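Participant: My questions will all concern the structure given below.
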Amino acid sequence: MEAAPAKALPKIEKLKIASNYLRDPLKDQLQTEEIGISKDAYQIMKYHGSYQQNNREKKGPKDYQFMLRLKQPAGELPPDLYRLLDDLSLNHGQGDLRATTRQCFQMHGILKGDLKTVISSIMNIGSSTVGACGDVSRNVMTTPAPFVSSDYEYAREYSKCFGELFRPMSSAFSEIWLDGEKAVSVETWAKEVEHHNIDEKMLYDNGRGIIIPDATEPIYGDQYLPRKFKIGVTVPGDNSLDIYTNDIGVVVITNDAGELEGFNVMVGGGMGRLHNKETTFARAADHMGFVPKDDIWEVMKAILAAQRDHGNRDVRANARMKYLVHTLGIEKFTKLVESYCGIEIQPWRAMADWKYNDWMGWWEQGDGKLFYGQHIDNGRVKDEGDFRLKSALRVLVDKYNLHSILSPTQSIIFRDIDPKDKEGIEQVLREHGIAPIEEVDPNARLAMACPALPLCGLAQTEAERIMPSYIERMRALLTKMNLDDEEILMRMTGCPNGCARPYMAELAFVGDGAKSYQVWLGGSPVLTRTAYPFMSKMDTDKLEETMEPILAMFIQQRQEFEAFGDFCHRLGADAISAYTQSYTLGSVKA
């Protein structure tokens, strides 16, 4: 009997193989006189940290431009890098910067002819855009709180280690952007963790199939991963980074003396889904178990190898590792990982309950210095009228030479502040029209939205531009119903892909058409479970009409100190729907 013919590879997989390790056809396309690049070149461009975009609100021919995203493990941003980004955004971008939900800056409005100048400048100052996008390990997140304690220091250190461990090794990046030369400065985070000898750990071959016979990419191979891959690192109790939304979540475990013992590891989280396709779904990660510190390198490599070899490359919508974990179940997936690394995963260690904090405002750092968290609405660093946030941040960096950290909630934290400079920093912010954190609506601090229109090609409706009005309208409704002290974690996206992690929120609005949103309820205020879809096609004009009955039921049936998300989770969609159908608007107040 003849063997069944081999299944044809999907086009995207063929393209990755044919790219010659992320060179072609991008390298040639960048040399043309066209203002944009081909679809195939665009797919490869993602691995270099950039998306080709077009302003969908402009009539006429497409005015292609590029969004560029940085790689910033642990979200760290030295002052010289901030100055460079500020200058580049003014000289080669659209004048603003945007803090993402994965602790890195991205810049919009770069023309094709300026890409080499911008990217080479970033690489030569000791930073990178490599792996900020594409089917590789993305920017590694961690808790942004810069506390000087061993557990927080380990979290920062290992987020940089994992960023280095899974970096693409192709020389295409230096060939294309630096003409084959080495960058003037080694990446900042690489220098900080060089004592771990990470290349040696990356290349170590235990003979169990983690390392593949590929001299260029021994971890990834010429097809790289089936889809993007996300890693987060934190300490027990601190869920400021949405740890359960990652492909791998890593929690630092120390002993009573503060010495590192190992890590609790969770797997299989992810947000992306498609409307009207139930085979796609958001998923919170499962607890896999505890890994001693000396074994973490091989276990991390084994998890990635399991996804590389067994992830779904046939159906891209189901290619994230969450579907592999879901299909196998956590026990079988753990056995699969163990087969690669030859290490038995130990039981999950008990640890402190999770809490959420955005780390905004003033905090003592633990070494006599302070850190300050500056809230940024939906991550957009801009000057607009009397509100001059971008100018204020530049003044602070220039005057005080401040190091900063981007937060997982699209804001920025300045660290290592001398207490004597506190008053001066507050004065700079006041002079630039920046409200103190005490005057920011708590619901605005909790909220996130993706950029959506006009530049995102996937957006079905607004997000970033309309979210501030939703927060104001929700505040007015809460006040009307005597719920003014209530804080609700709200998020919004212009499509179902989930960039602002809406499916973990207590209340989410997910774009499903022009001026229309799905409403999701029941996520945890400490971000440990997914929400559920409550309704589709909520017209943006019907926000108050939709939310008032739900808040009325919350008033009448909540338990003592019960948060809105916990209430919605406990009651469920059917009970809330039944209540809303018989509710009379204006009939209930707290």
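Participant: Give the cross-link partners of residue 589 among the lysines, using a straight C-alpha distance below 19 Å as the criterion and excluding same-chain residues fewer than 8 apart.
Facilitator: Those lysines meeting the cut-off are 480.
Participant: So for the chain, averaging the separation of alpha carbon pairs under 8 Å that are six or more residues apart and normalising by length, what relative contact order in percent results?
Facilitator: On the way: 1260 pairs, mean separation 70.2, N = 590.
Worked out over the chain, it gives 12 percent.
Participant: Sort the chain into rounded, prolate or oblate with this rule: let a ≥ b ≥ c be the square roots of the eigenvalues of the Cα gyration tensor; rounded if a/c is under 1.5, and if a/c is not under 1.5, prolate when a/b is larger than b/c, oblate otherwise. Before the final figure, lay out each step's value.
Facilitator: On the way: a/c = 1.31, a/b = 1.21, b/c = 1.09.
Taking the square roots of the gyration eigenvalues as a ≥ b ≥ c, the chain is rounded.
Participant: Under a plain spin-label model, where a point goes 7 Å from the Cα along Cα-to-Cβ, how far apart in nm are residue 63 and residue 184?
Facilitator: 3.2
Participant: Order the peptides 185-192, 41-48 from the highest to the lowest mean number of other Cβ atoms within 10 Å of their residues. Spell out each step's value before the answer.
Facilitator: Details: 185-192: 16.8, 41-48: 22.2.
Put in order of decreasing packing, that is 41-48, 185-192.
Participant: Here's something else I'd like to know. Whose amide H sits under 5 Å from the amide H of residue 416, counting only residues 5 or more places off or on another chain, with H placed in the peptide plane?
Facilitator: Excluding prolines and chain starts, which carry no amide H, the hits are 370.
Participant: Before I look further, what does the chain give for accessible area per residue, probe 1.4 Å, in whole square angstrom? Don't jump to the answer; show the numbers that get you there.
Facilitator: Values: 23870 Å² over 590 residues.
Per-residue accessible area for the chain comes out at 40 Å².
Participant: Can you list the lysines whose alpha carbon is less than 18 Å from that of residue 515, not counting same-chain residues fewer than 8 positions off?
Facilitator: 537, 542
Participant: Kindly state, to the nearest 0.05, the FRET efficiency for residue 479 paired with residue 196, given R0 = 41 Å and r defined as their beta-carbon distance.
Facilitator: Details: r = 53 Å, r/R0 = 1.28.
Once the sixth-power term is evaluated, E becomes 0.20.
Participant: Starting from segment 304-389, pick out the GluC sites (Glu not before Pro) whose DSSP state is loop and whose Cβ has at most 13 other Cβ atoms within 10 Å.
Facilitator: On the way: sites: 331, 338, 344, 364, 384; in loops: 344.
Passing sites in segment 304-389 are 344.
Participant: Would you pull out the residues with amide H under 5 Å of residue 262's amide H, same chain only if 5 or more places away, H placed 1.01 Å from N?
Facilitator: For residue 262, whose amide H was placed from the backbone, the distant partners under 5 Å are 253, 293.
Participant: Spelling out what I want: for every residue of segment 96-109, take phi, set θ = phi - 60°, compute 6.51 cos²θ - 1.76 cosθ + 1.60 (Karplus), and round to whole Hz; glycine and proline get x.
Facilitator: Once rounded to whole Hz, the list reads 10, 10, 9, 7, 8, 7, 10, 6, 9, 8, 10, 10, 10, x.
Participant: What list of ³J(HN,Hα) couplings, whole Hz, do you get for segment 374-387 from phi and the Karplus terms 6.51, -1.76, 1.60, once you set θ to phi - 60° and write x for glycine and proline?
Facilitator: Going residue by residue, I get 9, 5, 10, 4, 6, x, 8, 8, 8, 10, 8, x, 6, 8 Hz, with x marking Gly and Pro.
Participant: Under the rule a/c < 1.5 gives rounded, and otherwise a/b versus b/c splits prolate from oblate, where does segment 402-505 land using the Cα gyration tensor? Spell out each step's value before the answer.
Facilitator: Values: a/c = 2.27, a/b = 1.40, b/c = 1.62.
Cα axes put segment 402-505 in the oblate bin.
Participant: Run down the lysines and flag those whose C-alpha is under 24 Å from the C-alpha of residue 399, throwing out any fewer than 8 positions away in its chain.
Facilitator: 369, 382, 390, 420, 422
Participant: What are the ³J(HN,Hα) values, in whole Hz, obtained from phi via the Karplus relation 6.51 cos²θ - 1.76 cosθ + 1.60 with θ = phi - 60°, for each residue of segment 343-350 in sequence order, with x given for Gly and Pro?
Facilitator: 10, 7, 6, 7, x, 4, 7, 4
Participant: What number comes out for the charge environment of residue 589, summing +1 per Lys or Arg and -1 per Asp or Glu over other residues with Cβ under 12 Å away? Intermediate values should be presented prior to the final figure.
Facilitator: Working: positive: 480; negative: 484, 548.
With Lys, Arg at +1 and Asp, Glu at -1, the net is -1.
Participant: Also, quick follow-up: Shape call for segment 204-290 from the C-alpha gyration tensor, a ≥ b ≥ c root eigenvalues: rounded (a/c under 1.5), prolate (a/b greater than b/c) or oblate?
Facilitator: Details: a/c = 2.70, a/b = 1.09, b/c = 2.48.
Because a/c hits 1.5 or more and a/b fails to exceed b/c, segment 204-290 counts as oblate.
Participant: If you don't mind, there's one more thing I want to ask. Scan around residue 535 for amide H atoms under 5 Å from its own, H built in the peptide plane at 1.01 Å from N, and keep only partners 5 or more places away or cross-chain.
Facilitator: Answer set, sorted by chain and number: 519.
Participant: How do the peptides 128-136, 218-226 rank, highest first, by the average count of neighbouring beta carbon atoms within 10 Å per residue? Could the numbers behind the result be given before it?
Facilitator: Values: 128-136: 24.3, 218-226: 21.8.
Order by mean packing, descending: 128-136, 218-226.
Participant: If the chain between residue 362 and residue 275 were fully stretched, how many nm would it gain, using 0.36 nm times the residue separation less the Cα-Cα distance?
Facilitator: Values: separation 87, 0.36 × 87 = 31.32 nm, distance 4.13 nm.
Residue separation times 0.36 nm, minus the Cα-Cα distance, leaves 27.2 nm.
Participant: Using helices alone, I'd like the mean residue ellipticity at 222 nm for the chain: each DSSP H run of four-plus residues gives -39500 (n - 2.57), total over residue count, nearest 500.
Facilitator: On the way: 18 runs with 185 residues, N = 590.
Calculated from helices alone, the mean residue ellipticity at 222 nm is -9500 deg cm²/dmol.
Participant: Follow-up. With a 1.4 Å probe and every protein chain kept in, tell me what percent of the accessible surface of the chain is carbon plus sulfur.
Facilitator: Numbers: 11590 of 23870 Å².
The nonpolar share, carbon plus sulfur, comes to 49 percent.
Participant: Another one. Once you have the Cα-Cα distance between residue 542 and residue 418, take 0.36 nm times their residue separation minus that, and quote the gain in nm to one decimal.
Facilitator: Working: separation 124, 0.36 × 124 = 44.64 nm, distance 4.87 nm.
This chain segment gains 39.8 nm when fully extended.
The values are calculated or read from the model by the stated rules, or taken from the named source; none is laboratory data. If you're wondering where the values come from, they're calculated on a predicted model, not measured in any experiment. Every residue, glycine among them, receives a Cβ derived from its backbone with ideal geometry; neighbour counts consider all protein chains shown. With ligands, DNA and RNA removed, areas are computed over all heavy atoms of the protein, side chains included. Shrake-Rupley method; radii C 1.70, N 1.55, O 1.52, S 1.80 Å.
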